[in-house]
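Following: one structure in structure tokens, then a few remarks.
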Amino acid sequence: MSRKIAIFDTTLRDGEQSPGASMNAQEKLDITRQLLRLNVDVIEAGFPVSSPGDFKSVQDIALTCGDQCVVAGLTRAVEHDIDVCAEALEVAARPRIHTGIGVSPEHLRFKFKGMTLDEAIDQGVAAVRHARRFVEDVEFYAEDAGRAPYEDLARMLEAVIKAGATVVNIPDTTGFSVPWEFGQRIRYLMEHVNGIEDVCVSVHCHNDLGMATALSLAGVMNGATQVECTINGLGERAGNTAMEEVVMAIKMHEAELDAHTDINTTEFAHASRLVSSITGINVQPNKAVVGANAFAHSSGIHQDGVIKNRTTYEIIAPEDVGVSGSQIVLTARSGHAALRKRLEDLGYAGIPDDKFEQIHGAFLELADSKKEIYDDDLHSLMGEQDRNENAIYRLDAVQISCGQPLVSTATVTITDEDGEVCTVCEIGSGPIDAMYSAINKIVQAENDLMEYSVNAVTRGIDALGEVTVRIMDRDGSIFIGRGSDRDITVSSGKAYVNALNRMIDQHRHNAQRVESGTDAPAHI
């Protein structure tokens, strides 16, 4: 029997640290349920000390997971962080505190202001011991392990294992490593750290040089028994190891790696689309495993080969990752049961009856005009519902007047969180410019529009138009907004308001963190 490799998903923590990828409470629970369908071993739910919202979200995720998987909370090697994390995890059936400190010369010198290695080890040991007062399962991360001298890293891991760590995480925090060297690093630790054979060895790799999946596989090949990853490779900077890539690579090379996972791979396509819809970060068409072109063939030679036998050009059966050759098409004649079943199949389970009625009404309105509703239409519709839920500002109406030689004019009506309705009319160089000027006059949140893009959600002239915008606030933070409608101008307005809502909500969370004296989340 091959070694079991645990899959530790950090989409809700490290993934959310992607610029513009913040999620609200309901969106996190939607992703949590999909991760449970995937049968992941560990869900890193968040950084509880960072804000009251994160604290509550970790609790909600823990309650949703029950005893199906381990729920982890991230902390720095600080007692207060650990105390708050332990409190948030009190409701978890299988809690894990994930704590740690930097180990590389760069981190000790600059991030920790000249801290010595011995001081860092002492602080890490103290953190592990303190965490063990609350939970039996403690994971320790040696931040920036990919750039640390082997001997320094071995000393730190040996000390925290002796202190009670049950999992040791060797992160390539900056994506600096190359696979052969990272494999040697893991092998060195397996051979030189006393007690390492009694704990789980985890790898957490970043994709700055495009090698996160290869680095994780090198770790597995040399003894690692847990891989930390995210759906679609979401994460800081260039992202993390993509779960779908590393799991399918292990599945295809089980014998060589002497390894397997317990992941339900048929849920990958749904998971990818759900995370993309919620975060507004599109998956590139040629993305491995879950990209739109992953199982597409345009070359005549390839088409001929695949027609004769699929394995001539496909090493993975589309069905193995949840991709089929056809889509279920819903129409206005489809009843409540059919719509609810298809939404559940797509990962939207547990929708309350009152919310479902709103969704069904929106579905019928769309179906009357579109005639055929595809899975991507439903994803877009659900994304629109989630974006409107608990929104600070809601776009109620848009009226555009434009043309040549007319001056573009936009009249916009917006309702704020207190129920106050405001209508403003503005002019601009074009219809979108006029509309955004009107929205800015109401919302009054300083920002720069960095990117504006329009895509058809499905095929056909009656397809929904989905708009994605990126805005930057005065501090240089990026926020993504997405909106969909049959009218592109309305989609554009919804996307911009969605981005503004995310920006304002994040500023409020930041203010809470300042009031509580908490720094930015730890980054491993």
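Numbers at a glance
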item: Some residue of segment 131-142 being over 25 Å from R33 (Cα atoms), more than 26 Å from the chain's Cα centre (by Cα) and crowded, with 24+ Cβ neighbours inside 10 Å; result: yes
item: Among (1) surrounded by fewer than 22 Cβ atoms within 10 Å (Cβ to Cβ); (2) touching a helix residue (DSSP H, G or I) at 6+ places or on another chain (Cβ under 9 Å) - the single one R109 does not satisfy; result: (2)
item: Enumeration of residues in segment 156-208 that are assigned to a loop (DSSP other than H, G, I, E, B) and aromatic (F, W, Y); result: F176
item: Conditions (1) surrounded by fewer than 23 Cβ atoms within 10 Å (Cβ to Cβ); (2) under 21 Å from A127 (Cα atoms); (3) hydrophobic (A, V, I, L, M, F, W, C); number of the one not met by A93; result: (2)
item: Within segment 229-302, helices (runs of 4 or more DSSP H) holding 2 or more residues that are in the same structural domain as S216 (by TED's automatic domain parsing), farther than 30 Å from V467 by Cβ and aliphatic (A, V, I, L, M); result: 243-252, 254-257
item: Test: residue in segment 318-329 that is touching a strand residue (DSSP E or B) at 6+ places or on another chain (Cβ under 8 Å), over 27 Å from I480 (Cβ atoms) and at pLDDT below 75; result: yes
item: Test: residue in segment 414-425 that is surrounded by 12 or more Cβ atoms within 10 Å (Cβ to Cβ), in contact with a Cys (Cβ under 9 Å, 6 or more places away or on another chain) and of a type outside the set (D, E, K, R); result: yes
item: Hits in segment 105-148 (condition: in a strand (DSSP E or B) and either among the aliphatic types (A, V, I, L, M) or at positive phi (or both)); result: V138, A142
item: Boolean, G219 is under 22 Å from E158 (Cβ atoms) and assigned to a helix (DSSP H, G or I); result: yes
item: Number of the condition not met by V193 [criteria: (1) touching a Phe, Trp or Tyr at 6+ places or on another chain (Cβ under 8 Å); (2) surrounded by fewer than 23 Cβ atoms within 10 Å (Cβ to Cβ); (3) not small (G, A, S)]; result: (1)
item: Test: residue in segment 260-277 that is in contact (Cβ under 8 Å) with a residue 60 or more places away in the chain, closer than 21 Å to M190 by Cβ and not polar (S, T, N, Q); result: yes
item: Top-ranked residue of segment 249-297 - restricted to ones that are polar (S, T, N, Q) and under 16 Å from C229 (Cα atoms), ranked as surrounded by the fewest Cβ atoms within 10 Å (Cβ to Cβ); result: N264
item: Residue match in segment 212-222 (condition: buried (at least 17 other Cβ atoms within 10 Å of the Cβ) and on the phi > 0 side of the Ramachandran plot); result: no
item: Top-ranked residue of segment 165-190 - restricted to ones that are over 20 Å from H107 (Cβ atoms), of a type outside the set (S, T, N, Q) and crowded, with 17+ Cβ neighbours inside 10 Å, ranked as nearest to the chain's Cα centre (by Cα); result: V167
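Results for (1) modelled with pLDDT of 95 or more; (2) of a type in the set (S, T, Y); (3) within 30 Å of D144 (Cβ to Cβ), shown as yes or no for each residue.
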residue	(1), (2), (3)
A242	yes, no, yes
K251	yes, no, no
L274	no, no, no
N293	no, no, no
S298	no, yes, no
K308	no, no, no
I315	no, no, no
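For every residue, the table says whether it meets (1) closer than 30 Å to A271 by Cβ; (2) surrounded by 14 or more Cβ atoms within 10 Å (Cβ to Cβ); (3) out of contact with any Leu (no Cβ under 7 Å at 6 or more places or on another chain).
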site: S380; (1), (2), (3): yes, yes, no
site: I400; (1), (2), (3): no, yes, yes
site: S429; (1), (2), (3): no, no, yes
site: L464; (1), (2), (3): yes, yes, yes
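The values are calculated or read from the model by the stated rules, or taken from the named source; none is laboratory data. Given the structure is predicted, the values throughout are model-derived calculations rather than measurements. All Cβ positions, glycine included, derive from the backbone under ideal geometry; neighbour counts span all protein chains shown.
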